[in-house]
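**Student:** I'd like to ask some things about the structure below.
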Amino acid sequence: MEQSKGRRVILFPMPFQGHINPMLELAKILHSKGFSIAIIYTNVNSLNPSTLNPNFTYHSIPVDLTENEASIKDPTLRLSIINAKCVEPFRECLSGLLSDDVNSEDPVACLISDPLFDFTRSVAESFKLPRIVLRTGGAASLAVFAAFPLLKEKGYLPITDSRLEELVTELSPIKVKDLRAAMPNCDPEDFYRVITNMVNETKASHGLIFNTFEDLEGQALATIRQEYYPNIPIFSLGPFHKCGPTTSSSSTSLLSPDQSCISWLNTQAQKSVAYVSFGSVAKIDHAQFLEIAWGLANSGQPFLWVVRPGLVQESDWHEALPNGFLEVLYERVHIVKWAPQKEVLAHPAVGAFWTHCGWNSTLESICEGVPMICTPCFGDQMVNARFVSDVWKVGLQLEHGIERGEVERTIRRLMVEKEGVEIKERALNLMEKANHCLKEGGSSYLSLDGLVKHILSL
Ligand code: UDP
């Protein structure tokens, strides 16, 4: 798109894998439309520009956490410290980029930031720089988060344990237990404050971008447009990673993906493998780790399991397994620290994805037509999982925690029994829709056009 040549967009991802991936994919899409791209990133969970798209410029800002601050377990407190420490370095970096602008051939059109980086609003406003936000989660979860004040009024929040299985009638099929969004080690009230702040920061922006598509979340997008954000333009141009040119040489992973996954998958029968990964943040304990291991072993299916450093709390996971466990399973198990997940999900040997339902993982699975087993842990994952199991019906949820018998039964229901065949059909159907929306005239294709025009009009 010629008219975008000569305009620059600055993008500023939150320093977490699930936020970095979609932001850099969005950068790639905008670059393919002719924009120049500048990426600002923090030295916390720092990006490595040498592995990233060489067509962008990268600008690191220092966030000097003390040893104490870096080891804080409460995620909301850590987020507020990172936010506070980012303000001045971000202001300086932005000021530098904007002062280069005076004689620049590609003046800055706008900033695209994460709404959880709440300070970006006031800093951008102080430079009179339009700010658009990228919500890296889905639309349905934002619609639920935006309803928190109403849910408080109606008495669903704070949550009472005796009501967990109750339906939230205003948000059917969401159940009360799906509202348990607070991360471990943090006070639910603090967490709700962070969420409310994010919802409000988004209102005060020049636009809201989602990595989703109309056929997937049309209803939630309509609610968001009409009820919560009637005054800002909303764009849904996902799935990002399927949109625009593929740049296989660049990797946005903070950990290095273990390519042995692919050679191992090449030795497995079609649709036979359960791929298991709980993303980059979720943690499980020793007991849960063992239940997963036994459930997988007893299911009889081969499995590829991502055991990321830090996934299992307080112990070396090897010590948790009974002696000889891996040797007995031998060819039926492959364990890695980090997988090339998109490639794994696209591999013909993968028949199911046992996931924590982070939004990226959910979308990546949908794009490959891989049915899911859901174990949501916190945040938007509960809502995503409810949509997977009860709305799109492309997966099954482990509703009562992780227990080996339940794990074994659920894997067999999905991968062996008739119920699984129907779920797979629906998953393939949804995959078709994900492909279709990106084609010329499709909803995401048109939304991207709209976004490009909007940025150029700012
Ligand atoms: N991911 C990966 N390899 C792994 C596990 C995860 O590349 O072994 C990627 C995955 O493809 C996704 C991101 O990490 O893009 C995780 O984001 P998500 O929203 O699913 O979960 P989060 O990590 O934010 O909880």
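Computed from the coordinates by the stated procedures, all read-outs in this text should not be read as laboratory data. It should be emphasised that the depicted structure is a prediction, and the values quoted were computed from it without experimental measurement. Cβ coordinates were reconstructed from backbone atoms using ideal geometry, including for glycine residues, and neighbour counts include every protein chain displayed.
**Student:** Less than 20 Å from a label point 7 Å out along the Cα-to-Cβ axis of Asp316: which backbone N atoms in the range 331-352 qualify, by residue?
**Tutor:** Only 335-338 fall inside the zone, counting backbone N under 20 Å.
**Student:** Going highest first, how would you order 101-114, 427-440 by mean Cβ packing within 10 Å?
**Tutor:** Going by the mean number of other Cβ atoms within 10 Å, highest first, we get 101-114, 427-440.
**Student:** Let me have the relative contact order for the chain, percent, based on Cα pairs under 8 Å that are six or more residues apart.
**Tutor:** 16 percent
**Student:** In deg cm²/dmol and to the nearest 500, what is the mean residue ellipticity at 222 nm of the chain if only DSSP H runs of at least 4 residues count, each as -39500 (n - 2.57), divided by the residue total?
**Tutor:** That comes out to -12500 deg cm²/dmol.
**Student:** Follow-up question, since we're still on this one. Set Lys and Arg Cβ to +1 and Asp and Glu Cβ to -1, take the dipole of the chain about its Cα centre, and tell me which of Ser277, Trp294, Leu446 lies farthest positive.
**Tutor:** The one lying farthest along the dipole's positive direction is Leu446.
**Student:** For the range 110-145 and the range 189-251, compute the distance between their C-alpha centroids and round to whole Å.
**Tutor:** Value for the Cα centre distance between the two parts: 10 Å.
**Student:** Another question, then. Please report how far the C-alpha centroid of the range 57-93 lies from that of the range 303-377, rounded to the nearest whole angstrom.
**Tutor:** Each part's Cα centre sits 30 Å from the other's.
**Student:** Any chance you could run the full-extension gain for Ile72 through Val102? It's 0.36 nm times the residue separation minus the Cα-Cα distance, nm to one decimal.
**Tutor:** Taking 0.36 nm per residue and subtracting the Cα distance, the gain is 6.6 nm.
**Student:** Something else about it: At 7 Å along Cα-to-Cβ for each site, give me the label-to-label distance between Lys439 and His400 in nm.
**Tutor:** 4.5 nm
**Student:** Just list whichever of Lys393/Lys453; Lys271/Lys337; Lys203/Lys342; Lys177/Lys393 have alpha carbons separated by over 24 Å in the model shown. Each step should come with its number before you reach the end.
**Tutor:** On the way: Lys393/Lys453 36 Å; Lys271/Lys337 22 Å; Lys203/Lys342 32 Å; Lys177/Lys393 19 Å.
Violating the 24 Å Cα-Cα cut-off are Lys393/Lys453; Lys203/Lys342.
**Student:** How would you order 153-163, 135-145, 18-28, 177-187 from highest to lowest mean count of nearby Cβ atoms within 10 Å?
**Tutor:** Result, highest mean first: 135-145, 18-28, 177-187, 153-163.
**Student:** Quick check for you: which residues of the range 200-219 have the amide N under 20 Å from the point 7 Å beyond the Cα of Leu458 toward its beta carbon?
**Tutor:** Answer for the range 200-219: 200-212.
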